[in-house]
1. Counting only DSSP beta bridges with both residues in chain A, what percent are antiparallel, rounded to the nearest 5?
2. Find the accessible area per residue for chain A; the probe is 1.4 Å, ligands and nucleic acids are left out, and the unit is Å².
3. On full extension of the chain, what length is gained from B:Glu64 through B:Ser376, given 0.36 nm per residue of separation minus the C-alpha to C-alpha distance?
4. Computed on protein heavy atoms with a 1.4 Å probe, what is the summed buried accessible area for the chain pair A and B, in Å² to the nearest 100?
5. Please say if region B:118-161 is rounded, prolate or oblate, where rounded means a/c under 1.5 for a ≥ b ≥ c the square roots of the C-alpha gyration tensor eigenvalues, and otherwise the choice is prolate for a/b larger than b/c and oblate otherwise?
6. Which whole number gives the average, over all residues in A:170-180, of C-beta atoms from other chains lying within 10 Å of the residue C-beta?
7. For region A:22-38, in order, what is each residue's ³J(HN,Hα) by Karplus, 6.51 cos²θ - 1.76 cosθ + 1.60 with θ = phi - 60°, in whole Hz (x at glycine and Pro)?
8. Where a ≥ b ≥ c are the square roots of the eigenvalues of the C-alpha gyration tensor, would you call chain B rounded, which needs a/c under 1.5, or, failing that, prolate if a/b is larger than b/c, or oblate?
2 protein chains.
Amino acid sequence: MVDIATRVHNHNWKIDPIVRSLIDTDFYKLLMCQSIFRNKRDTRVTFSLINRTKSIRLAELIDEGELREQLDHVRSLSLSRGESTWLRGNTFYGKRQMFRPDFMEWFETLKLPPYHLEKRDGQYELTFEGAWPEVMLWEIPALAVLMELRSRAVTKDMGKFELEVLYARAMSRVWEKVEKLRQLDGLRLADFGTRRRHSFLWQDWCVQAMLEGLGTAFTGTSNCRIAMRRDIEAIGTNAHELPMVYAALAEDDAALARAPYNVLSDWHEEHDGNLRVILPDTYGTESFLNNAPDWLAGWTGIRVDSGDPATGAEAAIRWWQERGEDPRDKLVIFSDGLDVDKIIKLHHQFAGRVKVSFGWGTLLTNDFRGLTRDDSLAPFSLVCKAISANGRPTVKLSDNPNKAMGPEDEIARYKRVFGIGEQAAIDVLV
Amino acid sequence: MVDIATRVHNHNWKIDPIVRSLIDTDFYKLLMCQSIFRNKRDTRVTFSLINRTKSIRLAELIDEGELREQLDHVRSLSLSRGESTWLRGNTFYGKRQMFRPDFMEWFETLKLPPYHLEKRDGQYELTFEGAWPEVMLWEIPALAVLMELRSRAVTKDMGKFELEVLYARAMSRVWEKVEKLRQLDGLRLADFGTRRRHSFLWQDWCVQAMLEGLGTAFTGTSNCRIAMRRDIEAIGTNAHELPMVYAALAEDDAALARAPYNVLSDWHEEHDGNLRVILPDTYGTESFLNNAPDWLAGWTGIRVDSGDPATGAEAAIRWWQERGEDPRDKLVIFSDGLDVDKIIKLHHQFAGRVKVSFGWGTLLTNDFRGLTRDDSLAPFSLVCKAISANGRPTVKLSDNPNKAMGPEDEIARYKRVFGIGEQAAIDVLV
């Protein structure tokens, strides 16, 4: 077992890398990458870091030199032989050879493209420009680097025992959550916490704790490196960047309205079973479901990632019923801002009515709330998003206007095209 | 830093020794041993294990073979060269050569005498018979072995993460105590927790946590090995076994009445300054102080180890005032059943009126209350006492009748000789 406090205390901050592997990333990034590599490999996109929690002035907390060292280190990484073997040889979601040989050959030679870094108003402007399948792989390591450099900045002046007790308290908290969760009959829960983790070692600890504490109720982790190391399932399907970039590329309003379905049509060709999971909220869940082609109702499930989760799940259930599908055969994955109480509530509300599953992120791998003075280790809302594609801005509406992004006139246009009216705003904690 | 959970999980229970050194014992045992070696070395005494918490059936929890292996290991120990150097060369209580050359020569060749072990009614009968300076050194290792074998018995089937969380919770608890205690101005506190520690590694952790968390308010540890390893003060003076054996040896009632003062007269010749600390409660504090010779009022302080601690301290203050001493120059050491709230209360009540100091034992080094199912790691009241000397039974009255020991007729005689009336009974938790 790793003694996290000692490792943190003894860290040679300058040298010790935060991201140690190209597959220290979310599984769905690799699935999407393969899909993009096949369908849109020449699309030029820009990803950008966005700190939604303005009160945390990252450029004042984190040394620019250290940040550059960590990012440069990520650029030096390439797929190791063992990682390649794991990706090629493993069974994911019951399927062998999930990753096709042409994709693997490309991935084996990949190094991440350059980054652009500037300081502005106490924040870092960090952007990545280039071919979509390459720059999209920056998202997770960039977030992980910034999150962990922030953790290191806060912990670097703490004493050895103060640190050990910090981690002791955080461990006790995770375990209390485990003890509550294991009361739930039929729980299915995975770790989705790579992007906002306190640190790599901490995420790895949390995963192992879940594994011991929850047994088969813990279905796996989104993190490929940890899945490989701990010999557990890698979990994930697809994300907003697909419809966002497809939509940005649309030539007119009619093409824009079709874009989200085109994404899933491409996906439908490539995947089946539990990988056929709809993420309906990019431009409003209600509109998406109302206008969806019938074949989509045959998909295995839906992921609820913004807005009120119970409302989203009820909408999906009604939609399935209207299309003649039995919701009890369908999977609902909740993945937005979860913590134990919300998980318990949603489980009780939906277990039996649908197959319920949880993708638990930030408050699994970064719940250090209240554990330091000034709450200086509390998680915050950092994202890294595709902001443009082939020179056109991307737009996200979401089911929560606080998660919307894009230029105002484009947001207005998208709202018109997708028929979005008033939306209820929900605070974005993490 | 030691990863306690991993060490516990990986323990090769059969082999890993609990007591690793002859000086893994309380400092006052060595001081008393030297005094006994000088004044009463041929006295034959019997020490016996006494489990005051009958509900904990040690013989059912702890394997006899393992217990014998651990006790045999203690018998194989002798003073190492480094330990001898530390005892000979160190300054204790500001004094060089605390341990005289003749004592050190004897101690360097010492191995502990045989033990006698039997099972009876779910308990172990464990006794040690022989020359007083030899068998008295069994007390602390015997207690530490039994306490830790009990901890090991409870933890041996726990999972790796369950264990890590167990220690995480215990660490968080210790640290909460540290955080409360460091609010106290002028606190002076030492670790007295060797005999009832959860384990050696845990005591060592607690000491280091106090050191980092309390700084100079933490004055040291009673454990010589830990004091040596952590380069801090070894703390302790004398204990009940001296008056108990001296009293048992008294030929008649008049000699019995003088015995407790004879102990301190011998001590007076050997030690000065902060080592002149009266332990007045063996046969009742009030009677002891009333009948004390005047020279005792000149001693540096008093240790309050049973009964209501505030009552004992007030009695001492009155006594000093009656004898023309200024209590503000005097040391009061509280050492009975302390936990944070009691420490805070006593500190506020007596700081400024006397020099206050705390010897914190079981609830520092073994507060695992409520951390396991059935509270199976809660500390309990195990002692190892001199029960006879030269064939005569020893007696202890204490300021708490629940801590009294000895044959009933002898207790009655002692009560008569020392003029003890009604005493208030206080539950003995630890």
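The values are calculated or read from the model by the stated rules, or taken from the named source; none is laboratory data. Everything numeric in this text was worked out from a predicted model, so none of it was measured. Cβ sites come from the backbone with ideal geometry, for glycine too, and all protein chains shown count toward neighbours. Side chains are part of the model used for accessible areas, which takes the heavy atoms of the whole protein and leaves out ligands, DNA and RNA. Shrake-Rupley method; radii C 1.70, N 1.55, O 1.52, S 1.80 Å.
1. 55 percent
2. Details: 16560 Å² over 430 residues.
Result: 39 Å² per residue.
3. 110.4 nm
4. 2200 Å²
5. Working: a/c = 6.26, a/b = 1.95, b/c = 3.21.
In terms of gyration-tensor shape, oblate.
6. The shielding value for this peptide is 4.
7. Running phi through 6.51 cos²θ - 1.76 cosθ + 1.60 with θ = phi - 60° gives 5, 9, 7, 8, 6, 3, 5, 5, 6, 4, 5, 4, 5, 5, 5, 4, 7 Hz.
8. rounded
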